[in-house]
Amino acid sequence: MDRWMVSRADNEDWVVLAAEDHGYGVKQGDVFRWADTFCSRMVRGEGPRIAPRAVDVPAYAELPFTRQLPIGAYVGVPLVDAEGQLFGTLCGLNPQPMPAAIVDEQPMVEVLADMLSGLLSAELNTSALAREADAARSEALTDALTGLANRRGWETALAAEEERCRRY
């Protein structure tokens, strides 16, 4: 495949989180309309997870996305969060059709997608916990009435500033 992507389905948008691209010019941060993608059709069960000849699959052949990019072959697997909800997709695209034998690779692609889903879920959980810890740390250093730093907050800030002064 000339392009592999990890994407996030975000309401009406399909956001590229990571891309290994050899010919399409798609990069991290690119946004496409979710409804126009092969992955949206695959997730809804309207097309297969692996299409060696995308033009032979009516759900894929009629998409506006195919007018933006030449797509001969498609591989896509949903990525889910910890609750089993759709997070995004792992997908590969190739400008030319691929041999029919590529369908035999589906179990391996699904195992990789399951592993990636687990990693993404763990990362999302870690980020949420870090935000909660930051909020708790900030709350512990702030006076609830004034919103200013409390004694502990001032001591922490002073210690950090003294350390910076010693260093420089």
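Structure notes:
- Think of it as helices only: each DSSP H run of n ≥ 4 in the chain is worth -39500 (n - 2.57), and spread over all residues that comes to -12500 deg cm²/dmol at 222 nm.
- Sulfur and carbon atoms: percent of accessible area, the stretch 1-59 [1.4 Å]: 46 percent
- Net lengthening on full extension, Arg164/Asp13 (0.36 nm per residue, minus Cα-Cα): 49.9 nm
- Cα-based Rg and Dmax for the stretch 38-109, where Dmax is the largest Cα-Cα distance (Å): 12.1, 36
- Residues with amide H under 5 Å from that of Ala73, placed H, sequence gap 5 or more: Ala54, Asn94, Gln96
- The mean sequence distance of close C-alpha pairs (under 8 Å, at least 6 residues apart), as a share of the length of the chain, puts its relative contact order at 18 percent.
- Placing unit charges on the Cβ atoms only, positive for Lys and Arg and negative for Asp and Glu, gives the stretch 45-168 a dipole magnitude near 420 debye about its Cα centre.
- The candidates Leu90, Leu63, arranged from most to least accessible area with a 1.4 Å probe in the full protein assembly, appear as Leu90, Leu63.
- With the highest mean first, a sort of the peptides 149-157, 123-131 on other beta-carbon atoms found within 10 angstrom per residue produces 149-157, 123-131.
- Extension gain, Arg44 back to Ala100 (0.36 nm per residue minus Cα-Cα distance, nm): 17.9 nm
- Relative to the current alpha-carbon distance between Met108 and Thr142, full extension at 0.36 nm per residue lengthens the span by 7.1 nm.
- Computed 3J(HN,Hα) for the stretch 158-163, one whole-Hz value per residue from the Karplus formula 6.51 cos²θ - 1.76 cosθ + 1.60 where θ = phi - 60°, is 5, 4, 5, 5, 4, 5, glycine and proline marked x.
- Among Arg41, Arg67, Arg53, the largest mean-square fluctuation in a Gaussian network model of the chain (Cα springs under 10 Å) belongs to Arg67.
- When the chain is treated as a Gaussian network with alpha carbon springs shorter than 10 Å, the biggest mean-square fluctuation among Ser121, Ser40, Ser138 belongs to Ser138.
- Sites Arg152 and Ala122 - FRET efficiency at Förster radius 35 Å, r taken between beta-carbons, to 0.05: 0.65
- Taking max minus min of the alpha-carbon positions on each principal axis, the chain gives extents of 70, 37, 29 Å, largest first.
- The stretch 120-168-the stretch 79-94 distance, computed between alpha-carbon centres (Å): 34 Å
- Positive-end extreme of charge dipole, the stretch 55-126 - chosen from Leu120, Gln68, Gly88 (charges on Cβ): Gln68
- Accessible surface for the chain, divided over its residues, is 61 Å² per residue with a 1.4 Å probe.
- For the chain, built as a Gaussian network whose Cα springs stay under 10 Å, the top-fluctuating residue of Gly76, Gly88, Gly29: Gly29
- Viscosity 1.567 mPa s, temperature 4 °C, Stokes-Einstein D of the stretch 79-147 from Kirkwood C-alpha radius, µm²/s: 83 µm²/s
The values are calculated or read from the model by the stated rules, or taken from the named source; none is laboratory data. A quick note: this is a predicted structure, and the numbers were derived from the prediction, not measured. Cβ sites come from the backbone with ideal geometry, for glycine too, and all protein chains shown count toward neighbours. Ligands, DNA and RNA are excluded from the accessible area calculation, which covers all protein heavy atoms including side chains. Shrake-Rupley method; radii C 1.70, N 1.55, O 1.52, S 1.80 Å.
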